[in-house]
1. Which residue pairs have Cβ atoms closer than 7 Å, lie 6 or more positions apart in sequence or on different chains, and pair a first residue in segment 607-618 that is outside the structural domain of Val553 (by TED's automatic domain parsing) with a second residue that is among the small types (Gly, Ala, Ser) and within 11 Å of ligand 2 (Cβ to nearest atom)?
2. Filter segment 636-662 for residues that are part of a strand (DSSP E or B) and touching a helix residue (DSSP H, G or I) at 6+ places or on another chain (Cβ under 8 Å); which is nearest to ligand 3 (Cβ to nearest atom)?
3. Of all residues in segment 182-228, count the ones that are among the acidic types (Asp, Glu) and exposed (fewer than 12 other Cβ atoms within 10 Å of the Cβ).
4. Testing Gln179 on (1) surrounded by fewer than 13 Cβ atoms within 10 Å (Cβ to Cβ); (2) in the same structural domain as Val68 (by TED's automatic domain parsing); (3) closer than 30 Å to Glu47 by Cβ, one condition comes back false. Which one is that?
5. Just for helices (runs of 4 or more DSSP H) wholly inside segment 463-573: which have at least 1 residues that are away from ligand 3 (no atom under 16 Å from the Cβ) and out of contact with any helix residue (DSSP H, G or I) (no Cβ under 8 Å at 6 or more places or on another chain)?
6. Looking at Ile433, Ile446, Ile525, Ile513, which one is of a type in the set (A, V, I, L, M) and within 45 Å of the chain's Cα centre (by Cα)?
7. What are the residues in segment 544-571 that are closer than 23 Å to Gln693 by Cβ and either polar (S, T, N, Q) or more than 12 Å from ligand 1 (Cβ to nearest atom) (or both), if any?
8. How do the pairs read when you match residues in segment 136-159 that are outside the structural domain of Ala69 (by TED's automatic domain parsing) with residues anywhere that are in a helix (DSSP H, G or I) and of a type in the set (Asp, Glu), using Cβ under 6 Å and keeping only pairs 6 or more apart or on different chains?
Amino acid sequence: MRIKHSLLILFMMPVLLPALFALLINYWSLYSLRAQHEQASNQERQEVALLTEAARLSEELAAVQRRVASTLEAADRKRLSEAQLYRIHSEVVDQLAQLNRRVLVLAESSAVREVGLEDALALPEHTRLYGNFVIMATDIAAIDPSTAVRYIGDAQQHFIAFSEHAHRISARLANRMVQHNAVAERAFSSFFMQVLLLGLAGMAGAVLLAVLSSRKLGRHMGEVADALWELSHARDVAPELPKIERMHNGSGSEFRDMAAAVLDFRSALIGRKQAEHQAYQLAFYDPLTQLPNRRLLIERLAQAFTLSERTHYHGAILLLDLDNFKTINETKGHEIGDQLLMEVARRIAGCVRAGDTVVRLGGDEFVVLLETLSAKADSTAAQVEMVAENIRTALIQPCVLNDSIYHTTPSIGVAIFKGAQYSVEELLKSADIAMYQAKDAGRNTIRFYDPEMQSAIQARADLESELRRALEDREFQLYYQVQVDGQGRPLGVEALLRWQHPKRGMVSPGEFIPLAEETGLIVPIGLWVLERACEQLSSWQQNGPMRDLVLAVNVSARQFRQSDFVTRVARALQESGAKPSHLKLELTESVVLENIEETIAKMRELKLLGVSFSMDDFGTGYSSLQYLKQLPLDQIKIDQSFVRDITSDTNDAAIVQTIIAMSVALGLNVIAEGVETEAQREFLDKHGCHAFQGYLFSMPLPLEQFEALVHQ
Ligand code: C2E
Ligand code: MG
Ligand code: MG
């Protein structure tokens, strides 16, 4: 924001005001001083002129007196002719007339009259009389010198009187001048004092004004600073700013602009906070019920574990599922379903403490997280039981929606935790298992998760982390189980994975393959198997008895679904140098059913390489002729569960017979796995299955033993 003029002036006020004031005072005092001085000096000049005139007149009169006296004396001694006397007489008459005029002017001047009216009036009078006697004396001098001398004596009397009056006037004028000087001096001092006082008062005023204006400025600045502080520290809502609003409505354009800027900032902040809130709401809350969602639950659970670890208090989660929600939703419509869910959310929230978390997981599943319950397990269980029962009771109350009454019941599974002993997923899983137990127990029930189950879950988690390590530590190994024909001659071999665990010993694939499937670890493990098998195949192809064996490798669904599966197989074959015609991939029905189009495409690609396919565990899935027809299979492997009771169970016998017939019809060869007895072998052989795998011939064996077996 640009600093405007008035704000600038406000800032300069403390400097400008005293400076301006000092200038004014200076000007005014100098001006007054000059006027006073002019007046005084005029007066003085006038008085000096009068003084001088008075002195001059006295002198000139004295000169006339002296001249007349010497003239008379010369006349007396007859040294002057009558003509000379007459000339002097007329000169004296002129001189006296002139003096008379000047004396009149002097006597009429106001200053002279002021100092002494009597003297002023006497001056012209004596001058006139003096003149008269002098004129008479010079007039008569030629005729009667003695009378002339008498007249001169009279004239002298008047000259003396004139001089006295003139002297008195001079003295008084001089005195008056002194007085005037003193008055002027006094006036100057008092003026000086006035100026000084006025200056001080002005300064004080200016300082006061400056203080007031800077206070005003300071106050507004302070208010703006406070407002900005409040805005920057505002957590959820933007604060009200009444002072800034007052400033905005008040006077002073800068302050109005400043206040407007702060208010703009505030509204921008509100806008941003609303956007943030919306984004947060979308990410962490369920839009229908406004309850926290799964993501927020996971965060809160992690925090709850940490808190529980610190306080050693138990916490619990309740997983709720509405028993008949699906039916209501499907028969009454989604609108009713939504309303019901909102009502359920309200009721659950009404049953828990303020700090507890109620979450909608999705669909009709809700989770309640209860924290800091008790340090003891039994009292924790009692507390949770109570809350769960309250919720159950609240939810079974009839619910009126759009004038119809709906009834719903919950199944509630509870899992208790202390510290961070389980992962979030494990705990949710436990609650889920408990919830399903509640459903199994007839719904509208509460079930606690069984700790034994919990420890099984723990064991699974341990297994998973060990499985991750096993591949790096080379704990996997391949065993080989022979496949034979009707005469007991080796036809092929199946590679079976073994895990040589350093502590547990040999772990069966039945235990770890499903887990590896779930976690995705099957992909690297399966690749290892494939590469190992191809290397083995290639090395067998060098020497005699093993040369023609076809090696079957099991492929899991997840592994097969990898987009680069075909390339992986091709590369394993190429790098090992194994003949593709001797590699057989065993797929299960789950692989095939997943995405039939894609499966067929991949199988075709691999078949082009020369690889063959066997359908493992056939009969256990949902196999139908329909899709079997479409698949580019080479072999069907009858599952061992049918073989086991083939001689005693007529159903199994019938199924096996059907499978064999089907294979013949489709032009596929067939093999039976799990053949343990001669009776089973005979039955299969009699009904058209001439390839076998099972303990009757050999167990799965480590490499050397298997090779030794084939050599026999
Ligand atoms: P499968 O492919 O059906 O393998 C046959 C299973 O039957 C093997 O169990 C084998 O030891 C067992 N067996 C063989 N003859 C008999 C018999 O006469 N009687 C009985 N009761 N069982 C017999 P195993 O080795 O425990 O493997 C179990 C399953 O694990 C396999 O079933 C296969 O689905 C999976 N598997 C094994 N190795 C791999 C592998 O490398 N990759 C994948 N994806 N799965 C594998
Ligand atoms: Mg198999
Ligand atoms: Mg099998």
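The values are calculated or read from the model by the stated rules, or taken from the named source; none is laboratory data. Source: prediction; values computed, not measured. FYI the Cβ positions are ideal-geometry reconstructions off the backbone, even for glycines, and counts take in every protein chain you see.
1. Cβ pairs passing all conditions: none.
2. Looking at the filtered set, the residue picked out is Ile638.
3. Filtering segment 182-228 for residues among the acidic types (Asp, Glu) gives 185, 223, 226.
Within this subset, residues satisfying the condition of being exposed (fewer than 12 other Cβ atoms within 10 Å of the Cβ) are 185.
Qualifying residue count for the region: 1.
4. Answer for Gln179: the failing condition is (2).
5. Because the criterion is at least 1 residues that are away from ligand 3 (no atom under 16 Å from the Cβ) and out of contact with any helix residue (DSSP H, G or I) (no Cβ under 8 Å at 6 or more places or on another chain), the helices (runs of 4 or more DSSP H) in segment 463-573 that meet it are 509-519, 522-540.
6. Numbers: Ile446 fails: within 45 Å of the chain's Cα centre (by Cα); Ile525 fails: within 45 Å of the chain's Cα centre (by Cα); Ile513 fails: within 45 Å of the chain's Cα centre (by Cα).
Matching residue, one of Ile433, Ile446, Ile525, Ile513: Ile433.
7. Initial filter on segment 544-571 (closer than 23 Å to Gln693 by Cβ): 544-557, 559-560, 569.
Selection gives Gly544, Pro545, Met546, Arg547, Asp548, Leu549, Val550, Asn554, Ser556, Gln559, Val569.
8. Going by the 6 Å Cβ cut-off, there are no qualifying pairs.
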